[in-house]
Amino acid sequence: MAVVLSGGGINGVLLELGFLTRLRESPLWPRLGWIYGTSAGALSGALAALDRLEDLEEFLLGLQPEDVFRPRRVWQLPGGLHDYTLPDTVTERLGAAQDLGEALAAAEVELVVFATDVSSHLEGDVTRHFELVYPSHSTPPERMTRALLASAAISALVLPISVDGVIATDGSWVRNFPLEHAYRNPDVKAIVAFRYLASYRPTDVAALGRMRERLERFRAVPPVRALLAELRLAEERVARGEPAHYAELIVRLMRVAIARNTVLEEQLATERDRSVAELGRLREKVISAALSTAPPWRRRRLRAELHEIFASAQFPFRHERHVPTLVVRGSPGMERLDPSFRGDEPWPEEPPPPPPEPLEFAFSVNDVGTVNTRTGEVTISGTATCSREASGFMFISLFQEGGRFAADGFAEAELSCGPVPTAWMLTLFGSGSKFQSGDAFASVEAFVGTTDDVGAGTFIEQLIRLRPVGSAR
């Protein structure tokens, strides 16, 4: 299984910590083999790959403004009057760069982080895609740690980092939500992802007004008078919903670029999955239509030839099987932290509300199913019970192998459950060959959640005896 973590700044890291903590409590965690993370996801993914989520929580909750930005004596760009000190803080509290890189190289779970290449542009190079990919099992430890820091370097506040001569910065510009890389890994059997949903406060018009009021006493000075005029124009622009100034315009464009590549990543993943399912249905229809018109002595060889034609077809995506994917989305709402050094709002003193009660989830699969030997349609059933009302999804992969045939199929469906056991039923068809009566191996994953964001999941592998439709048990 692969975990995919998006960028999201300090709020994203906090939400991903909660997501990873819950995931570690689920039966899915022992199946974790890869973590793909960008920006905030690179930092939280690194500690998750090392199974150090408690250290990440302690690090985040103990973080103070001066641990991230230290005041300067003289104005400089970027950052103005502040230095970016987070890399030093990470080294001090989470471990030296070399030690962290070596631990990631030796970890059982592989971390893959992404950064943006902002090296000098090569004129006329149409193949350059500006994406830098660093897998922890094949990247030298020191380079891996610098790549992690580069991926998490917020471009508007921090200068890029040199990673072995390549100038790298925040990976969110090119791959904020790296679903595609997880999908293209042929060893990944399922994907669980967290996508941060950003929300931003509107421009503080009152701050512009306060600045204008303080300058009014000096309006006789020509430069101040000109600045007052600019401030009035800025207030008028904000009232119309426009950027107050060019700096805010650049910030808005940054947000648009990152949000767009995130949305497109998830949209392409959804469209690709639909294409895979539709291609499987098309293949079965074509093969069935061809076999129905062929003489009996020709059908076995014709089936093999048609399967070979489909198998050898070249597509820009993996088309031989579906990869179950679950995407969890989270937003900090209006209580988010200011990700810059300008935030001066204190932490709330009131204790947080108690967490909701955990969701108890019982899921079973009947050890006997049915198969229509003429069409190959399989029906599998079972029950689901939850301690309170919940809903989610289930995914089933079924494999059957005989002397001269092998059939595999996949299906997914929505799932609802409550305190009273709820029966579920799902049908699927085989690809390659039709399912037949006999034993088949099933892999079943089910996830449910409640309206107060409490979730639970399970994974089951078992043999199912497929009986012809209408036969007695």
For the chain, what mean projected area does the convex hull of the alpha carbons give, in nm²?
30.6
Taking only Cα atoms of region 84-193, the Rg to Rh ratio with Kirkwood Rh works out at 0.98
Report, in order of residue number, the helices in the chain meeting two criteria: a C-alpha extent of 18 Å or more along the helix axis, and a mean Kyte-Doolittle hydropathy of at least -1.0; treat each whole DSSP H run as one helix.
9-24, 222-239, 246-293
Mind listing the long-range amide H neighbours of residue 137? Cut-off is under 5 Å, sequence gap 5 or more, other chains count too, H placed in the peptide plane at 1.01 Å from N.
111
I need the peptides 236-243, 171-178 ranked by packing, meaning the mean over residues of other C-beta atoms within 10 angstrom, with the highest value on top.
171-178, 236-243
Note, residue 237: beta-carbon cut-off 11 Å, +1 each Lys/Arg, -1 each Asp/Glu, net -3
What are the residues whose amide H is under 5 Å from the amide H of residue 424, where those residues sit 5 or more places off or on another chain and H is modelled from the backbone?
382, 383, 384
Reported to the nearest 10 Å², residue 424 has, with a 1.4 Å probe, an accessible area equal to 20
Take the Cα radius of gyration of region 383-473 and divide it by 2.2 N^0.38 Å, with N its residue count; two decimals is plenty.
1.26
Built amide H within the under 5 Å cut-off of residue 430, gap 5+:
435
Just to confirm a number: summing +1 for Lys and Arg and -1 for Asp and Glu over residues other than residue 107 whose beta-carbon lies under 12 angstrom from that of residue 107, what do you get?
-3
Would you tell me the accessible area of residue 158, worked out with a 1.4 angstrom probe on the heavy atoms of the protein chains, in Å² to the nearest 10?
20
Tabulate in residue order the Karplus-calculated ³J(HN,Hα) for region 393-404, using 6.51 cos²θ - 1.76 cosθ + 1.60 with θ = phi - 60°, rounded to whole Hz; enter x for Gly and Pro.
9, 9, 10, 10, 10, 10, 10, 9, 9, x, x, 10
What net charge do the residues around residue 262 carry, taking every other residue with its C-beta under 11 Å from that of residue 262, with Lys and Arg at +1 and Asp and Glu at -1?
+3
Ranked from the most accessible area to the least, with a 1.4 Å probe and all protein chains present, what is the order of 199, 437?
437, 199
I'd like the accessible area for residue 161, computed on protein heavy atoms only with a 1.4 Å probe and all protein chains in place. Round to 10 Å², please.
30
How do 144, 211 stack up against each other in accessible area, from largest to smallest, with a 1.4 angstrom probe?
211, 144
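The values are calculated or read from the model by the stated rules, or taken from the named source; none is laboratory data. None of these values were measured; they are calculated from a predicted model. Positions of Cβ are generated from backbone atoms using ideal geometry, with glycine treated the same way; all protein chains shown enter the neighbour counts. Only protein heavy atoms, including side chains, enter the accessible area calculation; ligands, DNA and RNA are left aside. Shrake-Rupley method; radii C 1.70, N 1.55, O 1.52, S 1.80 Å.
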